[in-house]
Every structure is written in C-alpha cells, then in structure tokens.
Amino acid sequence: MAPSKPDLPQGTLDLLVLKTVALEPLHGYAIAQRLQQISRDVVIVQQGTLYPALHRLEKRGLLKAEWKPSDTGRDAKYYRLTRAGRVQLDEERANWKRLTEAVGFILSEGES
Amino acid sequence: MTLFNRLFRRSRLDRELDAELHDHLERRIADLRREGIGDAEARRRAAAEFGGVDQAKEYCRDVRGTRWLGDLTTDVRYGLRILAHSKTFAVVAILSLALGIGANTAIFTLVNSLLLRTLPVTAPDRLVLIDGEWTNPIWEQVKARQSQLFAGATAWSFNKLDMSRGGQAQPVEALVASGEFFDVLGVQPILGRPFTTANDRRGAGADLAVALVSYAFWQRQFGGAVDVVGRTVSLNRVAFTVIGVMPPEFLGPAIGRGFDVLVPLHAVTVLDKEGTGGLDSRSYWWLDITARLKPGQSIEQATASLRGVQPQIREATLPTDWPEVHLKEYLRDGLKVEPAGQGPSWTRSQFEQPVVTIMIVVALVLLIACANIANLMLARASGRTHELTMRMALGASRGRLARQLLTESLLLSLAGAALGLVFAKWGSALLVAQFSSDRDPLTLDLTLDWRVLAFTAAIAILTALLFGVAPAMTTRRLTPMDALKEQGRGRAGGRHRLTGPLVVAQVALSLVLVVGAGLFLRTFAKLATIDLGFDRDPVLLVKLDTQRSQVTDDQRAELYQRLATAAAAVPGVERASASLLTPVSGQGWNNAFDIPGKPDLSFRERLAWLNAITPGWHKVYGTKLVAGRDFTDADRAGAPLVVIVNEAYVRRFLPPGSALGRIVQRTEGRPDQPPPPPLEIVGVVEDSAYRSVRDELPATVYLPMAQSEEVFKGGAISVRAAVASPATLVRSLTDALSAVDPDVSLSFQPLRDQVDARLARERVMAMLSGFFGGLALLLAGVGLYGVTSYGVNLRRAEIGVRMALGADVTRVLRLVLGRAAWLVVAGTAIGAGLSLWLAKYVATLLYGLEPRDVATFTGAVALMAGVGTVAAFLPAWRASRIDPVEVLREG
C-alpha cells in the first residue's frame, strides 16, 4: 500500500485548479497530471472529484471550456481561466497565504 | 453551459461529458503504455484508478443543478407507465377531474368576463358613468359643458330595430351613440371609418343614415366581405350605408349586452316617421352617459364639478308634464359619477349572485371528486406497498417515492385539466345561451385569456395536491423491510385512517349540494306552474311595429282593430284581440288614481298598471270576467269613457260594495293641464300577472284602445289558437296581417316563451344545481361503495372465519353495513348543519319557500340515506356470499 496521501483541505482543489490553468488552457487529464507532478505525487486528485470541480468552476464563470483539437488527434475539452477566474485566483491565493502563515505561527508557538 | 443548454440540451451535455471522461481514460492508457505496460493491463489499471465512471458522471450532473429535471422525466415516464397499467382507474380519475375542473373553468370564464374583465378600450379605469339613465335634453346640457367637466363625454343607448323590408320582422340590436363615442372610449373600427360629431348632429340628413357593424354581425350577415364598406343595411325600412367594422373584441360599452349595428345618436330621427326620435322629450329616459376623466381628475372631483352645474342642467330640462311633487325631487336628485371601466352594472347585478352561487357549487363538486380520487389513490397505495418498499430497498429515499406518487397525481390532474378546458369552452357557451333570452340577450367574451388559463392551471395543481398528498404521505410509514415481509400480497397499508373522514366529508358536501338543488328545483317548479291568471300555452303573440305604416294617428286604433279581426279570421285561430302591452313583456304603463275616501295616500301608493285593449282580449287569455261587461265596438272615441278593472284594484282602492258604475279618475298632472276625464267602471276581471311573474298580481286598469288618447306604434295582436301548436300559425298569420297593411312589421312569440324568458335565471339555477347535485350524489355513492368494498376485501379472511364459526348472513351484513352507516349518518348530520347555515345566503334566489324548507331538507336526507344504503349494501351482500371453505383454504 502506498504511503498515506494527505487529504486536501476543503476548497483547496478549486484554488489549485485555477492556478494550474492560469498559465495555459489545459484539458482535465493534463490538469490532474500537472497537479500530481508539481506536488511530487502528494496531490493525487480522484477523477470523481476533479471533473465535478471543473464543471462547478465553469458554471461559476471562473473557467471557460472549449473543445479543441489536441495532440491525440481527438478533440479535447480545454479549460481556460477567465477574467473573473483570475481575480478569484489572486484573492484566494492571498487568503491562502494569510491562512498558512497564521497556521504556521500557531503550530510553531512554544517550539522556539 | 448556459441555462438553456442545461435545461434543454441535456443529451448533448451528457454526450460531451462522456467524451471528456473517455478522453481522460484514453490519455491515461496511452501514458501507461508508454511506460511499457501491456494494452490489457493498461486498460485495467486506468479503469481502476479512475473509479466509478457513472459515479463521476452523476457528480458532474449534480453540479449542473438540473437533476430534478432528469428525475422529473423519469417520474413522468414511470407515472405514465403505471397509469397505463391501471387504465380503468386512470380513465375514471381523469374523467371525473375533467368534469370537475371543466365545470369550474366554465363558470370562471363567466365570472371573468362578467365581473373581472374591463372593457377592451383605451385606459378603461379612466372611464366614468353618470349614474342613472338620462333624457336627450340633459345629454345636450352635459355635452355643451363636456370640456369643462371631463376630458370628453358620450351618450349611448340600445335600441331594437328591424332589418326586414316588410312582413315578419328581423330584429337587430342597435347601439345608438353620439359622435364623441370613438374618441372618448378610444376604439377605432378595424375597417372603414367611424362617424364623428360632424355627422352626428340635428338635420345632418343623409349623413345620419350610416352604420358601423359589429365583427360578429359582419361575419354573420356579410360573410366577412372586405368590400362591406359602402353596402347598405335596411334598418326600420331605411337604407343605412355601412361605413366600418368594429374590432372583434369590442362587444359594446356594456358588459353582457352585445350589438349588431352602431349608428349615430341623431339617426333616431330618421328611424321614426315623425323624425323626432324623442330627442326633445324631457321625460324619455333612455341614454347612458359615459365620460373620460381629465388627467389627474378623481371621481370625487368629477362628481363635484358636475354638482356645480347641476342647477343649470336641471332647470333647463324640467319635464313639462310632471306633477309638482316630482319636479321638486327632480331638482334635488344629485348627479354623480361612478367607475365605468367595466361598463354599467345592470348585467352584473342581474347575474352576479347566480354565477357566484354556481361557482361555489362546482367548487364543492370538485372537492368531492378530489376526495374520491384520494380514496382510490390511498387504496392503490396500499396495493402498491410491495412495489414501493422494493424500490426503497433498492435505494430510493422516502422523499423520492413521495415525489413519484405526487407526480402521478399531477399527471392525472393535468390530463383532467386539458380535457376540462375543452369541456369548459363548450360549457360556458352553453351556459350563456341558457341565461340569454330574446328580450335580455347576454353576449360575453368567452375567449380563454391568461386569467382563465392561470385559474385552470392553479386548480389543476391544487387538486393534485388535495388528492395526492395523503397517498404520498403513506410512504412515511414504509420501511424496506416490508418488501421482505410481504410476499406481494399488498396488504401492509391496510385501511388508511383518512378514508373514513374523506367519505364523511363527501357525504356532507353532497348533502349540501342536494339541498341546494332541491331548493332551486322547487323554486323553479313553483314559478313554472304558478297561476298567472291567464293561459300561457294556447296564446301566440304577434308584436307589431306600425311606425312605417301610412295611417294617420287618429286611424291607428282602427288599424289595430282591423288587424285583430283579420287575425281572428285565419283558420286555426279561435279568437284574436289587440293590446298596447302584453303580459310579462317587461314593459309597463302606470298612472296614479284618485282614491275616494283615501286622500292621504302618497302618489306611489296610488299607482295602478294600465293597458289599452280591444274587445275580447281577456277571452283570448282565458281571464274570466267576474262582473259587468266586456268592451264592445260601441266603446269608441266620443262615447262615454269606460274602463274594466281587476279584482286587485277593487280590493285595494274601492270601498266595499259593487264596483260597477263607479267613477275613477287619474290623478291630476300639472295645474296648467286639463284635468283627466272621469272613467266609469263597466266590468271587473280576475287578477293576472302584469310585469313580473314573482310579485303579487297587481291592481290593473284596462282602457278600450279606441278611447285611448295615447299615440302608440308598438302593441301586439294576441291570438288564441284552436290548434295544439300555436307556432304553426305563423305563416298564415303573416299573410293575413300583411294583407291588411304591408308596412307593419311583425314578430311572433308564443306567450309561454315570453313567460319562460322571465324565468331564465331560475331555470339555469335549477338545471345546474340539479345536474351537479346529482353528480355529487353519484360521486359520494361511488366513494362509499369503493371504501366499503375495499374494506370487505381486506376483511375477507376475517369474515370467512366468522362465518365458519357460525355467523349467519344478517350478522355479516350488520358487520359491514354498521361502519358504512356510521359514515353516512355522520356525513349527513354535518351536511345538514352546513346546509342550514348556507341556505340563508341563497334566500334571495328562492321563490315561494323558506331557505330552510322542511320538505327539501327531509327529501335530501332521505335521498342521501337511500344512495348510502345502495352503495353500502352491494359490497355487504358480496361479503355475505363469501364461501368460508374457500377463504380457509387460501389462508
């Protein structure tokens, strides 16, 4: 059995997805691969979680989806960050930074 | 992913989702193979990593937020399949709902067009009516001041004209309106042009002989021809040029009363031979005045400004021939305006109460039908326990099952509503035709507008909830375990605790309707058979219009006598006489009489009805002469003035002793007029109805036509037929009367029809309440039968055992009938109480009986008991025929 993977905190997946597609439009599989690679196999997203998240973000207007020809020759559904998505990403990133710092302070208290 | 896509392109979205997930899998497989893994293994691993594809899809669909729609489609499909399996149930339920919803929609269509809709004109809420009916001199006063008082004003009236060119009359309903009509109301013809104040003035001559036609008349009379403008239509033998067609939705300025032609107000001067049209008469009250408020002007302000000029208007229009007392009242009587967005209220006030009463009746019928279907559904829900618990065991939630059951209810009620709309369209037209009579035609716009459709949709949903909620609630008591315990016997539900109360409610409501039906039927029966003091069946009325006749006024009475003589000579005619008025025609003529010895009676208390007749008139009607003599040819102008009075007159006005030979005198008019001549009573006749069939037979005075000073152009020949069917005489009478004077126009009506027309409201009330009362009784009977019969089926085993243990037929019957009897007794008691309370609200619609009429109540209770007994006895009898051996074997 593989070493236990930490669960993603609630709402984090959205932030990670937004960040991943911020550079270039990607299809679902690429997003999953990218997350796994960059996190060095720590973040492994189940398909049953990823696609609903993608569709939810699309419905909220943070992502825009488009069917485009891909490397396989088949059309693939590419997700691209919208202007609203970028604003949201910046906001969430700032929030995340504040939160992790705060959590870090709390956890390191008394250790020094 | 637009909302549109989400709702309507679900299959496309699903395909895309498939493609997207499939793409993911393929890429994973390709990656795995690049790592050197074999094809089969790669596929297996990819699939395993991916997890449940369907689950992923479901999550994605949840994100869309339109899951309910998919469920709904499934529910509807499943519901349709279930209903298709139980066709009898579905058909019975849908038909009873169609009848219930249809009846409600039909009556609501009437309520809508009669009470809710406004006139199809510009800004109807800014229209006002000057309360009352007015003379033309008054209108001319208002007209001269209209820009000061209002934004504009118009006067109009209805007039029955004849469009035949001779012989038998062809009546047309004419709307007579002043030239301001189109501007004030804001309506324009769809074809041609309107008339204006430029045409509509005195002495405009040929310019006045113009007419616009209603849309319906255009279709009926001209087949909708586009070149109708310029054609002519004959009105009272005068050729009128058609100048336009009014829009289809414009049925006239008054709700309920339609028109065929619309002519200028001053056209009345070309319609009668004298060319006056009563325009200068100060006591001919025939006009309605509609005005449009100025911007920002309130109704109170309009009334105030009208009151400001009232003295001038009244002074300038004082009736010349009125006694002093009346003139004082005339000057005092305050003018006021009222809202006119719905037109004047005479039709509304006449039909409002009956229509609202019937609306309540049909609502109750629908409630009873709902209770019936709810009971059927409950019984079915118990029968479906196995199916429902099985679905629960397979993962359906209780809420989901309840939704499924509600969907089925909704399907039923929507199907019922759709069918009901068809039924309503036909029913409302039929109803209007029934309310309508020749004298009071009722014309209503019965198109199904948004209000009607919204109403139907609302009651469809409401009924679905009413009969669907109880069955849906049964799912609360189910557990998946039931699926295992019951081997498809479908008895888990047992008898629902609601079925009893539902039947009681049905019985109670039905009793209310049966009592109502009884009251209205008895009212109609009393009125239809009431002794009016004359024979209605053998008499045929020939209404005359002698306006275009060439005879001079002093020859007119003689013309009527000649017409009567000619009619009497027609084979099949027993006798014939002429009169100014006919009984219960709606017209009347009254005068105050000087009452010797009672000088303190008020003017109103001294009023008696009058009629001018030729000799033999009472014999035509079968009204007996009780003393003295009939008129003879000798009672002509110049001879001593004589009258015949009826017994009511003698009782009311004369001192005891013989009436014959007494002198009576009409009350003096104004001092400057000659006093009325003394009249000698030569005969006394039995009482008979004059204007109303409901009121007490009134005091009446008959004058010989030959001695009457009145100049009249109407009148009628009353013919007593010797043949069974008086209507067969129409042809030969037309020939005989036209031979006397071809310029007289004739219209025929059996006296019975004239009487019946006065009973239209009572007839419709009796007919509808009888029909719906019967329906309610049937529904309650079916409900009781269903519940009892179902109870017997449930207790089959128990009854079988009882019988095996020695219970005889009577015991079994008593067992089953006992419960049914309780339901009927409880329902009847509640219903009787409810009826006693409700009856007082219909008191004004009744005649000749108390709202709490004992016979009606007793009859209704007996009828309900009878129906209840039959409905319960059938299943009880079946129970007593249960073969114990068979039952024990089954067990």
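The values are calculated or read from the model by the stated rules, or taken from the named source; none is laboratory data. All figures in this text were calculated on a predicted structure; none of them were measured in a lab. Ideal geometry is used to build each Cβ from the backbone, glycine not excepted, and the neighbour counts take in all protein chains shown.
Quick look at the numbers
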{"read-out": "Condition check for residue B:368: under 20 Å from residue B:155 (Cβ atoms), assigned to a helix (DSSP H, G or I) and β-branched (Val, Ile, Thr)", "value": "no"}
{"read-out": "Near pairs, Cβ below 7 angstrom, 6+ apart or cross-chain, from the stretch B:604-627 (on the phi > 0 side of the Ramachandran plot) to any residue that is among the polar types (S, T, N, Q)", "value": "B:616/B:577"}
{"read-out": "Residue list for the stretch A:23-59, restricted to those being part of a loop (DSSP other than H, G, I, E, B), hydrophobic (A, V, I, L, M, F, W, C) and within 18 Å of residue B:60 (Cα to Cα)", "value": "A:45"}
{"read-out": "The stretch B:149-208, subset β-branched (Val, Ile, Thr) and in contact with a strand residue (DSSP E or B) (Cβ under 7 Å, 6 or more places away or on another chain), residue surrounded by the fewest Cβ atoms within 10 Å (Cβ to Cβ)", "value": "B:190"}
{"read-out": "Enumerated strands (runs of 3 or more DSSP E) restricted to the stretch B:204-321, each holding at least 3 residues that are hydrophobic (A, V, I, L, M, F, W, C)", "value": "B:210-213, B:238-245, B:261-264, B:287-292"}
{"read-out": "Neighbours by Cβ (under 7 Å, 6+ apart or cross-chain): first from the stretch B:216-228, closer than 21 Å to residue B:444 by Cα; second surrounded by 12 or more Cβ atoms within 10 Å (Cβ to Cβ) and of a type in the set (A, V, I, L, M, F, W, C)", "value": "B:217/B:261; B:218/B:228; B:218/B:245; B:224/B:218"}
{"read-out": "Selected residue (criterion: farthest from the other protein chains (Cβ to nearest Cβ)) from residues of the stretch A:21-33 that are surrounded by fewer than 18 Cβ atoms within 10 Å (Cβ to Cβ) and more than 20 Å from residue B:47 (Cα to Cα)", "value": "A:22"}
{"read-out": "Filtered residues of the stretch B:284-302 (kept if of a type in the set (Ser, Thr, Tyr) and modelled with pLDDT under 90)", "value": "B:284"}
{"read-out": "Selected residue [in a helix (DSSP H, G or I) and in contact with a strand residue (DSSP E or B) (Cβ under 7 Å, 6 or more places away or on another chain)] from A:99, A:18, A:107", "value": "A:18"}
{"read-out": "Selected residue (only one of B:781, B:818, B:806 is under 32 Å from the mean Cα position of the chain (by Cα), more than 14 Å from residue B:878 (Cα to Cα) and not hydrophobic (A, V, I, L, M, F, W, C))", "value": "B:781"}
{"read-out": "Given (1) under 22 Å from residue B:126 (Cα atoms); (2) touching a Pro at 6+ places or on another chain (Cβ under 6 Å); (3) at pLDDT below 90, index of the condition residue B:246 fails", "value": "(3)"}
{"read-out": "Failed item in (1) over 26 Å from residue B:548 (Cα atoms); (2) in contact (Cβ under 8 Å) with a residue 60 or more places away in the chain, with residue B:182 passing the rest", "value": "(2)"}
{"read-out": "Single condition residue B:22 does not satisfy, out of (1) within 8 Å of another protein chain (Cβ to nearest Cβ); (2) at pLDDT 80 or above", "value": "(1)"}
{"read-out": "Qualifying residue in the stretch B:160-173 (condition: under 36 Å from the mean Cα position of the chain (by Cα), outside any strand (DSSP E or B), farther than 30 Å from residue B:716 by Cβ and not aliphatic (A, V, I, L, M))", "value": "no"}
{"read-out": "Residue within the stretch B:801-823 that is touching a residue at least 60 places away in the same chain (Cβ under 8 Å), assigned to a helix (DSSP H, G or I) and under 19 Å from residue B:358 (Cα atoms) present", "value": "no"}
{"read-out": "Residue satisfying condition, being loosely packed, with under 13 Cβ neighbours inside 10 Å and within 23 Å of residue B:51 (Cα to Cα), within set A:87, A:42", "value": "A:42"}
{"read-out": "Test: residue in the stretch B:190-208 that is under 11 Å from residue B:245 (Cα atoms) and either free of Cβ contacts under 8 Å to residues at least 12 places away in the same chain or within 29 Å of the chain's Cα centre (by Cα) (or both)", "value": "no"}
{"read-out": "Test: residue in the stretch B:560-569 that is loosely packed, with under 14 Cβ neighbours inside 10 Å, free of Cβ contacts under 8 Å to residues at least 40 places away in the same chain and not basic (Lys, Arg)", "value": "no"}
{"read-out": "Residue among B:184, B:176 that alone is within 21 Å of residue B:256 (Cα to Cα), in a strand (DSSP E or B), at pLDDT 90 or above and among the aliphatic types (A, V, I, L, M)", "value": "B:176"}
{"read-out": "Residue B:822 being surrounded by fewer than 15 Cβ atoms within 10 Å (Cβ to Cβ), among the hydrophobic types (A, V, I, L, M, F, W, C) and under 16 Å from residue B:499 (Cβ atoms)", "value": "yes"}
{"read-out": "Any hit, the stretch B:34-50, residues being more than 13 Å from chain A (Cβ to nearest Cβ), β-branched (Val, Ile, Thr) and touching a residue at least 60 places away in the same chain (Cβ under 8 Å)", "value": "no"}
{"read-out": "Members of the stretch B:134-160 that are under 20 Å from residue B:340 (Cα atoms), of a type in the set (Gly, Ala, Ser) and free of Cβ contacts under 8 Å to residues at least 60 places away in the same chain", "value": "B:147"}
{"read-out": "Verdict on residue B:76 being more than 9 Å from every other protein chain (Cβ to nearest Cβ), of a type in the set (Val, Ile, Thr) and more than 20 Å from residue B:400 (Cα to Cα)", "value": "no"}
{"read-out": "Whichever residue in the stretch A:85-110 is under 18 Å from the mean Cα position of the chain (by Cα) and of a type in the set (Gly, Ala, Ser) and, among such residues, is farthest from the other protein chains (Cβ to nearest Cβ)", "value": "A:94"}
{"read-out": "Residue B:357 being among the hydroxyl-bearing types (Ser, Thr, Tyr), within 30 Å of residue B:109 (Cα to Cα) and modelled with pLDDT under 75", "value": "no"}
{"read-out": "Pick from the stretch A:34-59, criterion of a type in the set (D, E, K, R) and in contact with a helix residue (DSSP H, G or I) (Cβ under 7 Å, 6 or more places away or on another chain), ranking: farthest from the other protein chains (Cβ to nearest Cβ)", "value": "A:34"}
{"read-out": "Qualifying residues in the stretch A:60-84 (those that are outside any strand (DSSP E or B) and modelled with pLDDT of 85 or more) - the one farthest from the other protein chains (Cβ to nearest Cβ)", "value": "A:83"}
{"read-out": "For residue B:595: the one exception among (1) under 17 Å from residue B:676 (Cα atoms); (2) of a type in the set (Val, Ile, Thr); (3) in contact with an Asp or Glu (Cβ under 6 Å, 6 or more places away or on another chain)", "value": "(3)"}
{"read-out": "Qualifying strands (runs of 3 or more DSSP E) (wholly inside the stretch B:698-768; at least 3 residues being touching a helix residue (DSSP H, G or I) at 6+ places or on another chain (Cβ under 7 Å))", "value": "B:716-721, B:745-750"}
